[in-house]
1. May I ask you to derive the relative contact order of region 280-431, considering only C-alpha pairs under 8 Å and at least 6 residues apart, and to give it as an integer percent?
2. If you place +1 on the Cβ of every Lys and Arg and -1 on the Cβ of every Asp and Glu, how big does the dipole about the Cα centre of region 1-118 come out, in debye to the nearest 20?
3. K38: which aspartates and glutamates have alpha carbons under 18 Å from its alpha carbon, excluding same-chain residues fewer than 8 sequence positions away?
4. Might you work out the accessible area of V181 for me, using a 1.4 Å probe with all protein chains in place, and round it to the nearest 10 Å²?
5. With a/c under 1.5 counting as rounded, go ahead and sort region 231-280 into rounded, prolate or oblate using the C-alpha gyration tensor (a ≥ b ≥ c being the square roots of the eigenvalues; past the cut-off, prolate if a/b is larger than b/c, else oblate).
6. What is the calculated FRET efficiency for R371 to R340, with r their C-beta to C-beta distance and R₀ = 30 Å, to the nearest 0.05?
7. Run the accessible area of region 329-455 with a 1.4 Å probe and give the carbon-and-sulfur part as a rounded percent.
8. Where nothing but the Cβ of Lys and Arg (+1) and of Asp and Glu (-1) is charged, how large is the charge dipole of region 350-414 around its Cα centre, in debye to the nearest 20?
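The values are calculated or read from the model by the stated rules, or taken from the named source; none is laboratory data. Just so you know, these numbers come straight off a predicted model, no measurement behind them. We place every Cβ from the backbone using ideal geometry, glycine too, and count neighbours over all the protein chains shown. Surface areas here come from the heavy atoms of the whole protein model, side chains and all, with no ligands, DNA or RNA. Shrake-Rupley method; radii C 1.70, N 1.55, O 1.52, S 1.80 Å.
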Amino acid sequence: MKFGGTSVGYVSAFMRVENVISTQIAKRPVVVVSAMTKVTDALLSAFDMAKKGDHDGAVASLEPHLKRHSEVASHFIPAGSAVFDSELRYAREELSDLLMRCARRSLPLSMLKDAIVSYGEQLSSRLLAEVLRAKGIEARHADARRMIVTDDEFGAAQPIWDETAELVKLELEPIIAAGEVPVIGGFIAGNRAGETTTLGRGGSDYSAAIVAAALDAAELQIWTDVTGVMTCDPRICKDARTIPVLSYEEAAELAYFGAKVLHPKTIKPAVDCSIPVRVCNTFQPDEVGTMILAHSGETPNKIKSIASKKNITILRITSARMLGAYGFMSAVFQVFDRHRTVIDVISTSEVSVALTLDNSDGLEKVVEDLRRLGDVEVETGYAVICVVGEGLRASTGLASKIFSTIDDVNVALVSHGASAVNLTFVIKEDMAAEVIGKLHREFFGVTTAGSGSGE
Ligand code: ADP
Ligand code: ASP
Ligand code: MG
(Lines give C-alpha, C1' and ligand atoms only; values in the text may rest on other atoms or scores of the structure.)
(Ligands and ions follow the chains in the order given, each with its own letter.)
Protein backbone atom coordinates (compact mmCIF):
# COMPACT_ATOMS: atom_id res chain seq x y z
CA MET A 1 0.00 0.00 0.00
CA LYS A 2 1.64 3.21 -1.18
CA PHE A 3 0.40 6.54 0.17
CA GLY A 4 1.37 9.68 -1.75
CA GLY A 5 2.33 13.05 -0.29
CA THR A 6 -1.22 14.36 -0.58
CA SER A 7 -2.37 11.42 1.55
CA VAL A 8 -0.07 12.46 4.39
CA GLY A 9 -0.48 16.23 4.36
CA TYR A 10 -1.99 17.04 7.72
CA VAL A 11 -3.47 15.44 10.86
CA SER A 12 -6.77 14.62 9.15
CA ALA A 13 -4.99 12.91 6.27
CA PHE A 14 -2.93 10.73 8.64
CA MET A 15 -6.23 9.69 10.26
CA ARG A 16 -7.57 8.54 6.91
CA VAL A 17 -4.40 6.63 6.13
CA GLU A 18 -4.56 4.87 9.49
CA ASN A 19 -8.19 3.99 8.75
CA VAL A 20 -7.42 2.55 5.33
CA ILE A 21 -4.51 0.47 6.65
CA SER A 22 -6.51 -0.83 9.62
CA THR A 23 -9.17 -2.31 7.31
CA GLN A 24 -6.56 -4.39 5.47
CA ILE A 25 -4.41 -5.76 8.30
CA ALA A 26 -5.57 -9.31 7.54
CA LYS A 27 -3.97 -9.06 4.11
CA ARG A 28 -0.55 -8.48 5.77
CA PRO A 29 0.22 -5.18 4.08
CA VAL A 30 3.55 -3.45 3.58
CA VAL A 31 3.25 0.35 3.66
CA VAL A 32 5.31 2.70 1.49
CA VAL A 33 4.88 6.42 2.12
CA SER A 34 5.97 9.64 0.37
CA ALA A 35 7.16 12.79 2.08
CA MET A 36 4.39 14.94 3.57
CA THR A 37 2.92 17.19 0.91
CA LYS A 38 5.18 20.12 -0.18
CA VAL A 39 8.14 18.84 1.87
CA THR A 40 10.21 17.59 -1.10
CA ASP A 41 9.81 20.95 -2.86
CA ALA A 42 10.79 22.75 0.35
CA LEU A 43 13.92 20.61 0.78
CA LEU A 44 14.93 21.22 -2.84
CA SER A 45 14.53 24.97 -2.50
CA ALA A 46 16.48 24.92 0.80
CA PHE A 47 19.26 23.12 -1.09
CA ASP A 48 19.23 25.87 -3.76
CA MET A 49 19.36 28.62 -1.12
CA ALA A 50 22.24 26.95 0.71
CA LYS A 51 24.13 26.46 -2.53
CA LYS A 52 23.94 30.21 -3.07
CA GLY A 53 25.37 30.78 0.41
CA ASP A 54 22.18 31.50 2.41
CA HIS A 55 22.55 28.76 5.03
CA ASP A 56 20.45 30.48 7.70
CA GLY A 57 17.64 31.25 5.25
CA ALA A 58 17.66 27.64 4.07
CA VAL A 59 17.44 26.27 7.62
CA ALA A 60 14.67 28.74 8.53
CA SER A 61 12.65 27.88 5.41
CA LEU A 62 12.38 24.25 6.55
CA GLU A 63 11.14 25.05 10.04
CA PRO A 64 7.37 25.30 9.20
CA HIS A 65 7.57 21.90 7.51
CA LEU A 66 9.38 20.26 10.42
CA LYS A 67 6.74 21.80 12.73
CA ARG A 68 4.00 20.11 10.67
CA HIS A 69 5.60 16.77 11.57
CA SER A 70 5.63 17.70 15.29
CA GLU A 71 1.97 18.73 15.11
CA VAL A 72 0.95 15.36 13.70
CA ALA A 73 3.11 13.56 16.27
CA SER A 74 1.65 15.46 19.22
CA HIS A 75 -1.91 14.97 17.94
CA PHE A 76 -1.61 11.18 17.82
CA ILE A 77 0.84 10.71 20.67
CA PRO A 78 -0.23 13.30 23.27
CA ALA A 79 2.25 12.01 25.86
CA GLY A 80 5.00 12.69 23.32
CA SER A 81 6.92 10.21 21.25
CA ALA A 82 10.47 9.90 22.53
CA VAL A 83 11.41 8.00 19.36
CA PHE A 84 10.03 10.53 16.90
CA ASP A 85 11.14 13.60 18.88
CA SER A 86 14.70 12.40 18.83
CA GLU A 87 14.41 11.60 15.10
CA LEU A 88 13.25 15.14 14.44
CA ARG A 89 16.04 16.65 16.53
CA TYR A 90 18.58 14.54 14.71
CA ALA A 91 17.06 15.55 11.33
CA ARG A 92 17.32 19.26 12.22
CA GLU A 93 21.01 18.91 13.08
CA GLU A 94 21.85 16.75 10.08
CA LEU A 95 19.99 19.04 7.67
CA SER A 96 21.78 22.09 9.04
CA ASP A 97 25.12 20.33 8.62
CA LEU A 98 24.34 19.12 5.08
CA LEU A 99 23.14 22.60 4.05
CA MET A 100 26.39 24.05 5.40
CA ARG A 101 28.36 21.61 3.27
CA CYS A 102 26.45 22.82 0.17
CA ALA A 103 27.87 26.31 0.59
CA ARG A 104 31.36 24.93 1.21
CA ARG A 105 31.04 22.34 -1.60
CA SER A 106 32.73 19.87 0.75
CA LEU A 107 31.01 16.93 -0.97
CA PRO A 108 29.67 16.58 -4.54
CA LEU A 109 26.48 18.64 -4.80
CA SER A 110 24.42 15.86 -6.39
CA MET A 111 25.22 13.65 -3.41
CA LEU A 112 24.35 16.39 -0.91
CA LYS A 113 21.09 17.12 -2.73
CA ASP A 114 19.89 13.52 -2.39
CA ALA A 115 20.98 13.35 1.25
CA ILE A 116 18.99 16.53 1.98
CA VAL A 117 15.88 15.68 -0.01
CA SER A 118 15.73 12.18 1.53
CA TYR A 119 14.67 13.69 4.87
CA GLY A 120 11.11 14.12 3.51
CA GLU A 121 10.58 10.37 3.30
CA GLN A 122 12.84 9.53 6.25
CA LEU A 123 10.65 11.62 8.52
CA SER A 124 7.22 10.82 7.05
CA SER A 125 7.85 7.07 7.27
CA ARG A 126 9.10 7.22 10.86
CA LEU A 127 6.16 9.43 11.77
CA LEU A 128 3.59 7.18 10.12
CA ALA A 129 5.03 4.12 11.89
CA GLU A 130 4.69 5.93 15.24
CA VAL A 131 1.15 7.10 14.44
CA LEU A 132 0.07 3.55 13.53
CA ARG A 133 1.58 2.19 16.74
CA ALA A 134 -0.22 4.84 18.76
CA LYS A 135 -3.44 3.64 17.12
CA GLY A 136 -2.76 0.05 18.13
CA ILE A 137 -1.38 -1.27 14.82
CA GLU A 138 1.82 -3.26 15.22
CA ALA A 139 3.89 -1.19 12.78
CA ARG A 140 7.65 -1.17 12.37
CA HIS A 141 9.75 1.33 10.46
CA ALA A 142 12.21 -0.17 7.95
CA ASP A 143 14.87 1.93 6.22
CA ALA A 144 14.51 1.81 2.40
CA ARG A 145 18.13 2.88 2.06
CA ARG A 146 19.22 -0.48 3.42
CA MET A 147 17.03 -2.41 0.98
CA ILE A 148 16.82 -0.65 -2.37
CA VAL A 149 20.34 -0.78 -3.79
CA THR A 150 20.99 1.53 -6.73
CA ASP A 151 23.72 2.75 -9.04
CA ASP A 152 25.44 6.11 -8.36
CA GLU A 153 23.15 8.25 -10.54
CA PHE A 154 22.11 10.66 -7.76
CA GLY A 155 18.68 12.17 -8.36
CA ALA A 156 17.58 9.45 -10.80
CA ALA A 157 19.19 6.28 -9.46
CA GLN A 158 18.47 2.88 -11.01
CA PRO A 159 17.88 -0.05 -8.68
CA ILE A 160 20.15 -3.08 -8.98
CA TRP A 161 17.43 -5.70 -9.11
CA ASP A 162 18.92 -8.94 -7.75
CA GLU A 163 20.59 -7.33 -4.73
CA THR A 164 17.49 -5.26 -4.01
CA ALA A 165 15.08 -8.19 -4.20
CA GLU A 166 17.24 -10.21 -1.82
CA LEU A 167 17.62 -7.40 0.71
CA VAL A 168 13.91 -6.49 0.62
CA LYS A 169 13.02 -10.09 1.41
CA LEU A 170 15.70 -10.38 4.08
CA GLU A 171 14.58 -7.20 5.80
CA LEU A 172 10.80 -7.39 5.45
CA GLU A 173 9.84 -11.05 5.58
CA PRO A 174 10.72 -11.48 9.28
CA ILE A 175 8.73 -8.34 10.14
CA ILE A 176 5.69 -9.62 8.21
CA ALA A 177 6.10 -13.09 9.71
CA ALA A 178 6.04 -11.53 13.19
CA GLY A 179 2.60 -10.06 12.36
CA GLU A 180 3.90 -6.51 12.08
CA VAL A 181 3.28 -3.95 9.33
CA PRO A 182 6.53 -2.64 7.81
CA VAL A 183 6.48 1.09 7.02
CA ILE A 184 9.03 2.27 4.45
CA GLY A 185 9.85 5.69 2.98
CA GLY A 186 9.38 5.75 -0.80
CA PHE A 187 11.69 7.53 -3.28
CA ILE A 188 14.87 7.00 -1.22
CA ALA A 189 17.48 4.31 -1.69
CA GLY A 190 21.21 3.72 -1.19
CA ASN A 191 24.12 2.94 -3.49
CA ARG A 192 26.59 0.13 -2.85
CA ALA A 193 28.77 2.50 -0.81
CA GLY A 194 25.82 3.15 1.51
CA GLU A 195 25.29 6.74 0.31
CA THR A 196 21.72 7.98 0.04
CA THR A 197 20.28 8.14 -3.48
CA THR A 198 16.79 9.00 -4.83
CA LEU A 199 14.76 7.48 -7.65
CA GLY A 200 13.54 10.69 -9.35
CA ARG A 201 10.53 12.93 -8.67
CA GLY A 202 7.36 11.00 -7.98
CA GLY A 203 9.56 7.95 -7.30
CA SER A 204 7.63 6.56 -4.31
CA ASP A 205 5.35 4.70 -6.72
CA TYR A 206 8.47 3.07 -8.11
CA SER A 207 9.69 2.09 -4.62
CA ALA A 208 6.32 0.53 -3.91
CA ALA A 209 6.40 -1.46 -7.15
CA ILE A 210 9.93 -2.68 -6.42
CA VAL A 211 8.94 -3.86 -2.94
CA ALA A 212 5.74 -5.47 -4.28
CA ALA A 213 7.73 -7.31 -6.95
CA ALA A 214 10.45 -8.45 -4.53
CA LEU A 215 7.84 -9.87 -2.14
CA ASP A 216 5.62 -11.23 -4.93
CA ALA A 217 2.68 -9.30 -3.48
CA ALA A 218 -0.87 -10.24 -4.41
CA GLU A 219 -1.60 -6.62 -5.32
CA LEU A 220 -0.01 -3.17 -5.41
CA GLN A 221 -2.28 -0.40 -4.14
CA ILE A 222 -1.46 3.23 -4.97
CA TRP A 223 -3.43 5.50 -2.60
CA THR A 224 -3.68 9.11 -3.79
CA ASP A 225 -5.98 12.16 -3.75
CA VAL A 226 -8.14 11.20 -6.77
CA THR A 227 -10.24 8.12 -7.48
CA GLY A 228 -7.97 6.19 -9.78
CA VAL A 229 -6.61 7.01 -13.20
CA MET A 230 -9.13 9.26 -14.93
CA THR A 231 -10.13 10.10 -18.48
CA CYS A 232 -7.89 13.16 -18.12
CA ASP A 233 -6.29 15.23 -15.35
CA PRO A 234 -9.23 16.31 -13.17
CA ARG A 235 -7.43 19.61 -12.63
CA ILE A 236 -7.79 20.33 -16.36
CA CYS A 237 -11.33 19.00 -16.99
CA LYS A 238 -13.61 18.80 -14.03
CA ASP A 239 -15.75 16.20 -15.79
CA ALA A 240 -12.89 13.68 -15.84
CA ARG A 241 -14.12 10.20 -14.92
CA THR A 242 -12.45 7.20 -13.32
CA ILE A 243 -11.31 4.51 -15.77
CA PRO A 244 -12.30 1.15 -14.25
CA VAL A 245 -9.65 -0.99 -16.01
CA LEU A 246 -6.42 -0.11 -17.84
CA SER A 247 -3.76 -2.33 -19.37
CA TYR A 248 -0.14 -2.03 -18.22
CA GLU A 249 0.77 -0.64 -21.63
CA GLU A 250 -1.96 2.01 -21.54
CA ALA A 251 -1.02 3.00 -17.99
CA ALA A 252 2.67 3.23 -18.91
CA GLU A 253 1.96 5.54 -21.88
CA LEU A 254 -0.33 7.74 -19.79
CA ALA A 255 2.14 7.96 -16.93
CA TYR A 256 5.00 8.78 -19.26
CA PHE A 257 3.07 11.48 -21.07
CA GLY A 258 1.98 13.40 -18.03
CA ALA A 259 -0.67 11.54 -16.03
CA LYS A 260 1.11 12.35 -12.79
CA VAL A 261 -1.13 10.00 -10.85
CA LEU A 262 1.37 7.18 -11.58
CA HIS A 263 5.13 7.37 -11.86
CA PRO A 264 6.19 6.14 -15.33
CA LYS A 265 8.46 3.44 -14.02
CA THR A 266 5.93 2.09 -11.52
CA ILE A 267 4.44 -0.19 -14.02
CA LYS A 268 7.58 -2.09 -14.99
CA PRO A 269 8.31 -4.22 -11.89
CA ALA A 270 4.59 -4.93 -11.57
CA VAL A 271 4.32 -6.02 -15.23
CA ASP A 272 7.37 -8.25 -14.94
CA CYS A 273 5.85 -10.06 -11.96
CA SER A 274 2.20 -9.96 -13.17
CA ILE A 275 1.12 -8.05 -10.07
CA PRO A 276 -2.19 -6.19 -10.49
CA VAL A 277 -2.00 -2.48 -9.59
CA ARG A 278 -4.97 -0.67 -8.05
CA VAL A 279 -5.18 3.13 -7.82
CA CYS A 280 -7.47 4.25 -4.99
CA ASN A 281 -8.53 7.46 -3.24
CA THR A 282 -7.40 7.91 0.38
CA PHE A 283 -10.14 10.49 0.84
CA GLN A 284 -12.92 8.29 -0.66
CA PRO A 285 -11.68 4.80 0.22
CA ASP A 286 -14.98 3.12 -0.66
CA GLU A 287 -15.00 4.36 -4.25
CA VAL A 288 -13.78 1.79 -6.74
CA GLY A 289 -10.62 3.13 -8.35
CA THR A 290 -8.70 1.85 -11.37
CA MET A 291 -7.39 -1.66 -11.79
CA ILE A 292 -4.29 -1.99 -13.97
CA LEU A 293 -3.96 -5.46 -15.47
CA ALA A 294 -1.87 -7.16 -18.15
CA HIS A 295 -4.73 -6.76 -20.65
CA SER A 296 -7.70 -4.44 -20.34
CA GLY A 297 -9.77 -4.94 -23.48
CA GLU A 298 -11.11 -2.24 -25.77
CA THR A 299 -13.82 0.25 -24.89
CA PRO A 300 -16.45 1.05 -27.57
CA ASN A 301 -14.88 4.38 -28.56
CA LYS A 302 -11.32 2.95 -28.17
CA ILE A 303 -10.03 5.98 -26.27
CA LYS A 304 -9.52 5.62 -22.54
CA SER A 305 -7.69 8.76 -21.50
CA ILE A 306 -5.93 11.94 -22.58
CA ALA A 307 -2.66 12.94 -20.92
CA SER A 308 -0.58 16.06 -21.40
CA LYS A 309 2.81 17.42 -20.52
CA LYS A 310 3.77 21.10 -20.75
CA ASN A 311 7.10 22.89 -21.04
CA ILE A 312 8.14 20.90 -24.09
CA THR A 313 10.92 21.97 -26.47
CA ILE A 314 10.93 20.95 -30.14
CA LEU A 315 14.24 20.44 -31.96
CA ARG A 316 14.25 20.20 -35.76
CA ILE A 317 17.41 18.99 -37.46
CA THR A 318 17.57 19.37 -41.25
CA SER A 319 20.37 18.05 -43.41
CA ALA A 320 20.73 17.06 -47.05
CA ARG A 321 23.15 14.41 -45.75
CA MET A 322 20.14 12.50 -44.53
CA LEU A 323 18.86 11.91 -48.07
CA GLY A 324 19.15 8.21 -48.80
CA ALA A 325 22.09 7.86 -46.41
CA TYR A 326 22.44 5.52 -43.48
CA GLY A 327 24.15 6.43 -40.23
CA PHE A 328 22.62 9.90 -39.91
CA MET A 329 20.00 8.93 -37.31
CA SER A 330 22.63 7.08 -35.38
CA ALA A 331 24.80 10.21 -35.31
CA VAL A 332 21.84 12.26 -34.05
CA PHE A 333 21.03 9.77 -31.31
CA GLN A 334 24.66 9.60 -30.25
CA VAL A 335 24.54 13.31 -29.46
CA PHE A 336 21.60 12.75 -27.10
CA ASP A 337 23.32 9.73 -25.64
CA ARG A 338 26.50 11.70 -24.93
CA HIS A 339 24.55 14.43 -23.15
CA ARG A 340 22.28 11.92 -21.37
CA THR A 341 19.24 13.74 -22.76
CA VAL A 342 15.93 11.89 -23.05
CA ILE A 343 13.86 12.24 -26.24
CA ASP A 344 10.07 11.98 -25.89
CA VAL A 345 8.42 12.14 -29.31
CA ILE A 346 10.10 11.78 -32.67
CA SER A 347 9.05 12.21 -36.30
CA THR A 348 11.17 12.08 -39.46
CA SER A 349 11.03 13.02 -43.16
CA GLU A 350 13.53 12.53 -45.99
CA VAL A 351 15.80 15.37 -44.93
CA SER A 352 14.76 16.31 -41.43
CA VAL A 353 14.04 14.94 -38.02
CA ALA A 354 11.91 16.62 -35.37
CA LEU A 355 11.90 15.58 -31.76
CA THR A 356 10.75 16.80 -28.39
CA LEU A 357 12.47 17.10 -25.02
CA ASP A 358 10.80 17.77 -21.70
CA ASN A 359 13.97 18.72 -19.94
CA SER A 360 15.94 21.50 -21.55
CA ASP A 361 18.84 21.38 -19.06
CA GLY A 362 22.10 21.50 -20.99
CA LEU A 363 20.23 22.17 -24.25
CA GLU A 364 22.88 24.58 -25.61
CA LYS A 365 25.51 21.85 -25.59
CA VAL A 366 23.18 19.40 -27.35
CA VAL A 367 22.34 22.01 -30.01
CA GLU A 368 26.01 22.90 -30.48
CA ASP A 369 26.82 19.23 -31.23
CA LEU A 370 23.76 18.78 -33.46
CA ARG A 371 24.78 21.79 -35.58
CA ARG A 372 27.72 19.71 -36.79
CA LEU A 373 25.15 17.41 -38.42
CA GLY A 374 22.80 19.97 -39.97
CA ASP A 375 20.68 23.07 -39.39
CA VAL A 376 19.00 23.07 -36.01
CA GLU A 377 15.86 24.98 -35.00
CA VAL A 378 14.79 25.19 -31.36
CA GLU A 379 11.19 26.06 -30.45
CA THR A 380 9.98 26.30 -26.85
CA GLY A 381 6.59 26.58 -25.18
CA TYR A 382 4.89 23.44 -26.48
CA ALA A 383 2.72 20.74 -24.91
CA VAL A 384 2.57 17.04 -25.74
CA ILE A 385 -0.95 15.61 -25.85
CA CYS A 386 -1.18 11.84 -25.67
CA VAL A 387 -4.42 10.03 -26.47
CA VAL A 388 -4.38 6.46 -25.14
CA GLY A 389 -6.59 3.43 -25.73
CA GLU A 390 -6.33 -0.26 -26.47
CA GLY A 391 -6.91 -0.88 -30.19
CA LEU A 392 -6.19 2.74 -31.17
CA ARG A 393 -3.68 1.95 -33.91
CA ALA A 394 -5.89 -0.70 -35.48
CA SER A 395 -9.02 1.48 -35.60
CA THR A 396 -10.00 3.05 -38.91
CA GLY A 397 -10.96 6.70 -38.78
CA LEU A 398 -9.90 7.37 -35.21
CA ALA A 399 -6.97 9.65 -36.05
CA SER A 400 -9.22 11.57 -38.41
CA LYS A 401 -11.83 11.96 -35.65
CA ILE A 402 -9.20 13.22 -33.22
CA PHE A 403 -7.77 15.80 -35.61
CA SER A 404 -11.12 16.96 -37.02
CA THR A 405 -12.22 17.68 -33.43
CA ILE A 406 -9.37 20.18 -33.14
CA ASP A 407 -9.17 21.32 -36.77
CA ASP A 408 -8.63 24.97 -35.78
CA VAL A 409 -5.43 24.18 -33.90
CA ASN A 410 -1.98 24.04 -35.45
CA VAL A 411 -0.34 20.68 -34.78
CA ALA A 412 3.47 20.94 -34.72
CA LEU A 413 4.35 17.24 -34.61
CA VAL A 414 2.51 13.90 -34.71
CA SER A 415 3.64 10.45 -33.65
CA HIS A 416 1.41 7.45 -34.21
CA GLY A 417 1.93 3.78 -34.79
CA ALA A 418 4.97 3.02 -32.63
CA SER A 419 2.71 1.82 -29.85
CA ALA A 420 -0.61 0.11 -30.54
CA VAL A 421 -2.26 2.11 -27.80
CA ASN A 422 -1.31 5.75 -28.32
CA LEU A 423 -1.48 8.73 -30.63
CA THR A 424 0.71 11.62 -29.59
CA PHE A 425 0.87 15.14 -30.96
CA VAL A 426 2.45 18.45 -30.03
CA ILE A 427 0.72 21.84 -29.91
CA LYS A 428 1.41 25.29 -28.46
CA GLU A 429 1.28 25.14 -24.67
CA ASP A 430 -1.38 27.83 -24.26
CA MET A 431 -3.82 25.74 -26.33
CA ALA A 432 -3.45 22.61 -24.20
CA ALA A 433 -6.40 23.05 -21.83
CA GLU A 434 -8.74 23.97 -24.70
CA VAL A 435 -7.63 21.05 -26.88
CA ILE A 436 -7.98 18.55 -24.03
CA GLY A 437 -11.41 19.97 -23.23
CA LYS A 438 -12.58 19.55 -26.84
CA LEU A 439 -11.26 16.01 -27.14
CA HIS A 440 -12.72 15.06 -23.78
CA ARG A 441 -16.13 16.40 -24.83
CA GLU A 442 -15.95 14.52 -28.14
CA PHE A 443 -14.95 11.17 -26.66
CA PHE A 444 -16.36 11.22 -23.14
CA GLY A 445 -19.29 13.63 -23.23
CA VAL A 446 -19.87 17.00 -21.57
CA THR A 447 -16.72 18.77 -20.46
CA THR A 448 -15.87 22.16 -19.10
CA ALA A 449 -12.57 23.05 -20.71
CA GLY A 450 -9.84 24.79 -18.75
CA SER A 451 -11.77 24.72 -15.51
CA GLY A 452 -8.61 24.16 -13.46
CA SER A 453 -5.14 25.56 -13.34
CA GLY A 454 -3.77 22.65 -15.31
CA GLU A 455 -0.72 22.61 -13.03
P1 ADP B 1 0.61 11.53 -4.87
O2 ADP B 1 1.02 12.59 -3.90
O3 ADP B 1 -0.46 10.64 -4.31
O4 ADP B 1 1.74 10.77 -5.48
P5 ADP B 1 0.38 13.03 -7.34
O6 ADP B 1 0.17 14.50 -7.15
O7 ADP B 1 1.73 12.54 -7.74
O8 ADP B 1 -0.16 12.31 -6.03
O9 ADP B 1 -0.67 12.46 -8.41
C10 ADP B 1 -2.07 12.70 -8.25
C11 ADP B 1 -2.49 13.82 -9.16
O12 ADP B 1 -2.29 13.42 -10.53
C13 ADP B 1 -3.95 14.16 -9.10
O14 ADP B 1 -4.24 15.07 -8.07
C15 ADP B 1 -4.24 14.71 -10.49
O16 ADP B 1 -4.34 16.11 -10.53
C17 ADP B 1 -3.03 14.31 -11.33
N18 ADP B 1 -3.41 13.64 -12.58
C19 ADP B 1 -2.91 13.93 -13.81
N20 ADP B 1 -3.47 13.19 -14.76
C21 ADP B 1 -4.36 12.36 -14.14
C22 ADP B 1 -5.25 11.35 -14.60
N23 ADP B 1 -5.35 10.99 -15.89
N24 ADP B 1 -5.99 10.72 -13.68
C25 ADP B 1 -5.91 11.03 -12.36
N26 ADP B 1 -5.09 12.00 -11.88
C27 ADP B 1 -4.32 12.65 -12.75
N1 ASP C 1 8.49 12.95 -2.39
C2 ASP C 1 8.96 12.68 -3.72
C3 ASP C 1 8.50 13.78 -4.67
O4 ASP C 1 7.79 14.68 -4.28
C5 ASP C 1 8.58 11.33 -4.21
C6 ASP C 1 7.10 11.07 -4.33
O7 ASP C 1 6.28 11.81 -3.81
O8 ASP C 1 6.76 10.08 -4.97
O9 ASP C 1 8.86 13.74 -5.83
MG1 MG D 1 3.00 10.90 -7.23
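1. Rounded, it is 29 percent for region 280-431.
2. 360
3. List returned: D48, E63, E71, D114, E121, D205, D225, E455.
4. 10
5. Since a/c reaches 1.5 and a/b is larger than b/c, the shape of region 231-280 is classed as prolate.
6. 0.95
7. Answer for region 329-455 is 47 percent, counting heavy atoms of protein chains only.
8. Rounded to the nearest 20 debye, it is 280 debye.
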